[in-house]
Amino acid sequence: MFRFEYSSADYAQIVHAIARKMQAEISNGWLVFPGHLATGYIRYFSLPNGLQVIIINCKAHVPWYFIRKPDTEEYYSLRFDDVSIPGKMLISVQGEEQEKQRQRFSVAYLTSSLFGWEYLADAGTEIRAVNVLMTKEWLGKFLGLEMYQQILPAYIALKSKSLNMEPLDPYYLELIEEIMQEKPETPFPALYM
C-alpha cells in the first residue's frame, strides 16, 4: 500500500513530498510514478492568474491511501475526477463516506482545507483528475469581496464539508481527455492549459 498524508496549501510542495515518499524524481513539474506503485504521472503548475493545478493520469498497481488533514489555513480545491474502479474505492470528507465499487464515475466536487478529506483505492484503480487550488483571497476577488464576505463562507463551508458530487457531462470529459494528451515536451505548457 502507498499511504500519503498531507495538509499543505501548495501543490508543488505536495507533489515534491509524494516524490520523496516514492523515492522518485520530478522534472519540470512532472512526477512519473515508479512502476511498482503505478503507471502514469502527477503534474503540477501555477497559472498566471494565481491558481495552482494538479493533473493526475495513472493506474495504481498497489492500494493507495491519501489523507489530507484539516488545516487552519483556508483554501479550496475544485476537483474534476474521472475514475475507473475494478474493486472498490472509499472517499471521505469530514467523516462522511461514499464507497464506489466496480464502476467508472466522473464527478466534480469542491473540498475545503478546513475539513479532512481522504480516499482509499484498490490496486488497478485508474485515475484521471484535474484539481484546481483556490485561496480564500482568490475566491473573494473572483466573486466580489462583498459577496464573499456576506454569503459565500457559509455556503462553501456547507458544500465542501460533505460529498456533494456533480456528474461530469460529455463536454467536461472531452476537456479532461484533451488535458491528458499533454506531454512533458509540449511547448508553452501554461498556454496549453
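The values are calculated or read from the model by the stated rules, or taken from the named source; none is laboratory data. Predicted model only: the values in this text are computed from it and were never measured. Please note: Cβ atoms are built from the backbone with ideal geometry, for glycine as well, and neighbour counts cover all protein chains shown. Side chains included, ligands, DNA and RNA excluded: accessible areas come from the protein's heavy atoms. Shrake-Rupley method; radii C 1.70, N 1.55, O 1.52, S 1.80 Å.
Please give the net charge around ALA9, taking every other residue with its beta carbon less than 14 angstrom from that of ALA9, where Lys and Arg add +1 and Asp and Glu add -1.
Numbers: positive: ARG68, LYS69, LYS136; negative: ASP10, ASP71, GLU73, GLU74, GLU137.
For residues surrounding ALA9, the net value is -2.
With every protein chain left in place, what is the accessible area per residue of the stretch 1-143 in square angstrom, probe 1.4 Å?
46
Calculate, in nm to one decimal, what ARG104 and LYS59 gain on full extension: separation in residues at 0.36 nm each, minus their alpha carbon distance. Kindly include the intermediate steps, with their values, before the conclusion.
On the way: separation 45, 0.36 × 45 = 16.20 nm, distance 1.33 nm.
Contour length minus Cα-Cα distance gives 14.9 nm.
Largest first, what is the accessible-area ranking of LYS59, LYS141 with a 1.4 Å probe?
Sorted by accessible area, descending: LYS141, LYS59.
Say R0 is 30 Å: what FRET efficiency, to the nearest 0.05, do LYS21 and GLU96 get from their beta-carbon distance? Provide the component values of the computation, followed by the final result.
Working: r = 27 Å, r/R0 = 0.90.
The value I calculate is 0.65.
With a 1.4 Å probe and every protein chain kept in, tell me what percent of the accessible surface of the chain is carbon plus sulfur.
On the way: 5590 of 10240 Å².
Reported share for carbon and sulfur atoms: 55 percent.
Are there GluC sites (Glu not before Pro) in the stretch 9-112 that DSSP marks as loop and that have at most 10 other Cβ atoms within 10 Å, and which are they?
Values: sites: GLU25, GLU73, GLU74, GLU96, GLU97, GLU99; in loops: GLU25, GLU73, GLU74.
Taking the stretch 9-112 and a limit of 10 other Cβ atoms within 10 Å, the loop GluC sites (Glu not before Pro) found are GLU25.
Count charges around TYR172 for me, please; just the other residues with Cβ under 15 Å from its Cβ, Lys/Arg as +1, Asp/Glu as -1. Present the calculation step by step, with values, prior to reporting the outcome.
Details: positive: ARG79, ARG104, ARG128; negative: ASP81, ASP82, GLU166, ASP169, GLU174, GLU177, GLU178.
Charge balance near TYR172 sits at -4.
Summing -39500 (n - 2.57) over the DSSP H runs of n ≥ 4 in the chain and dividing by its residue number, what mean residue ellipticity at 222 nm do you reach, to the nearest 500 deg cm²/dmol? Walk me through the numbers before you get to the answer.
On the way: 6 runs with 50 residues, N = 193.
Result for the chain: -7000 deg cm²/dmol, rounded to the nearest 500.
State the Kirkwood hydrodynamic radius of the stretch 1-83 in Å, one decimal place, computed from all pairs of distinct Cα atoms.
On the way: mean 1/r = 0.0734 Å⁻¹.
Taking the inverse mean of 1/r over all distinct Cα pairs, the stretch 1-83 comes out at 13.6 Å.
Kindly provide the Kirkwood hydrodynamic radius of the chain in Å, to one decimal, from all pairs of distinct alpha carbon atoms.
On the way: mean 1/r = 0.0579 Å⁻¹.
One over the average 1/r among Cα pairs gives 17.3 Å for the chain.
Could you give the length gained on full extension between ASN28 and PHE142, defined as 0.36 nm per residue of separation minus the Cα-Cα distance, in nm? Could the numbers behind the result be given before it?
Details: separation 114, 0.36 × 114 = 41.04 nm, distance 2.86 nm.
Gain in length upon complete extension: 38.2 nm.
For GLU177 and TYR6 in the same chain, what is the full-extension length gain: residue separation times 0.36 nm, less their Cα-Cα distance, in nm? Don't skip to the answer; put the middle values down first.
Details: separation 171, 0.36 × 171 = 61.56 nm, distance 2.78 nm.
My answer for the length gained is 58.8 nm.
Could you pull out the pairs from LYS59/LYS100; LYS21/LYS136; LYS21/LYS59; LYS21/LYS69; LYS59/LYS141 whose alpha carbons sit more than 27 Å apart here? Kindly include the intermediate steps, with their values, before the conclusion.
On the way: LYS59/LYS100 16 Å; LYS21/LYS136 29 Å; LYS21/LYS59 18 Å; LYS21/LYS69 17 Å; LYS59/LYS141 37 Å.
Going by Cα-Cα distance, LYS21/LYS136; LYS59/LYS141 fall outside the 27 Å limit.
Using the Cα centre of the chain as the reference point, and only Cβ charges (+1 on K/R, -1 on D/E), how large is the resulting charge dipole? Debye, rounded to the nearest 20.
So the dipole magnitude of the chain works out to roughly 380 debye.
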